[in-house]
């Protein structure tokens, strides 16, 4: 597995901007109705859009930025929170576009949103795991798959993911608020692959990730909690959150047995 981190995702309260790779959108989508079963490309686009919405919500609920930086909107028939800062929005959108390029090729194993402290040590990892369940030829990727979900059903699943995210504070507790708390977006690839798009750019869209930001770099005393999972019939998606040992050392009561009781 080759973990890589999107360039520039070392955002603190200052929202400083780095140069970033940007790739224009692909061709227009095929028209489907809400009662048609999903095609491969439609599923992929829906998952990428959901990940972008979820990243905004994660940053809001974990209070990485001030609440007034976000506006409440509605998506998937549930309230969500979206940044209203143009630079942050562009950052997130650019990262998701770069992830989508790799999803198209089937290279992605996990997308990880890492919440970091002022020393860039991982406190929490929000882990989106993706897996292609069927092989679809390129010429069939816009064709509805018979046993797949409908868009309406998938939207309901995304709604349940987001409801769980908005309630995550009751499970994880509050993070100590610090102006240098930040986040990173890490992509973990299948079978030692490397990012295939735009690596000749300066800077490239992806750089090798800090090992301790990745799922393989988690310490033995970290705790993993599965939030939600869905098998669309084409691609499976799950969302989990991993609390690091560093977080427990900093913020949690020293009695690990009590902490364990809270998680059950």
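Quick one: in the range 107-142, of everything that is in contact with a strand residue (DSSP E or B) (Cβ under 9 Å, 6 or more places away or on another chain) and surrounded by fewer than 17 Cβ atoms within 10 Å (Cβ to Cβ), which residue is farthest from residue 47 (Cα to Cα)?
Of everything passing the filter in the range 107-142, 118 is farthest from residue 47 (Cα to Cα).
Only one of 104, 80, 145 is crowded, with 20+ Cβ neighbours inside 10 Å and more than 17 Å from residue 61 (Cα to Cα). Can you tell me which? Walk me through how you get there before you give the answer.
Values: 104 fails: crowded, with 20+ Cβ neighbours inside 10 Å; 80 fails: more than 17 Å from residue 61 (Cα to Cα).
Selected residue: 145, the only one of 104, 80, 145 that is crowded, with 20+ Cβ neighbours inside 10 Å and more than 17 Å from residue 61 (Cα to Cα).
Quick check on the range 173-183. Is at least one of its residues at pLDDT below 90, in a loop (DSSP other than H, G, I, E, B), crowded, with 19+ Cβ neighbours inside 10 Å and within 15 Å of the chain's Cα centre (by Cα)?
No: zero hits.
For the range 98-144, how many residues are farther than 21 Å from residue 223 by Cα, under 15 Å from the mean Cα position of the chain (by Cα) and assigned to a strand (DSSP E or B)?
Count: 2.
Just give me the residues in the range 39-80 being without any contact (Cβ under 8 Å) to a residue 40 or more places away in the chain and assigned to a strand (DSSP E or B), in sequence order.
If the condition is that a residue be without any contact (Cβ under 8 Å) to a residue 40 or more places away in the chain and assigned to a strand (DSSP E or B), then 70, 71, 72, 73, 74 are the ones that fit.
So residue 72 clears everything in (1) at pLDDT 90 or above; (2) surrounded by 17 or more Cβ atoms within 10 Å (Cβ to Cβ) except one condition, right? Which one?
(2)
The rows are residues; the columns are (1) assigned to a loop (DSSP other than H, G, I, E, B); (2) farther than 20 Å from residue 104 by Cα; (3) modelled with pLDDT under 90.
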site: 165; (1), (2), (3): no, yes, no
site: 186; (1), (2), (3): no, no, no
site: 194; (1), (2), (3): yes, no, yes
site: 203; (1), (2), (3): yes, yes, yes
site: 221; (1), (2), (3): yes, yes, yes
site: 227; (1), (2), (3): no, yes, no
site: 233; (1), (2), (3): yes, no, no
site: 237; (1), (2), (3): no, no, no
site: 247; (1), (2), (3): no, yes, yes
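The values are calculated or read from the model by the stated rules, or taken from the named source; none is laboratory data. Keep in mind that this is a model prediction, so the values were computed, not measured. A quick note on method: Cβ atoms are made from the backbone with ideal geometry, for glycine too, and the neighbour counts reach across all protein chains shown.
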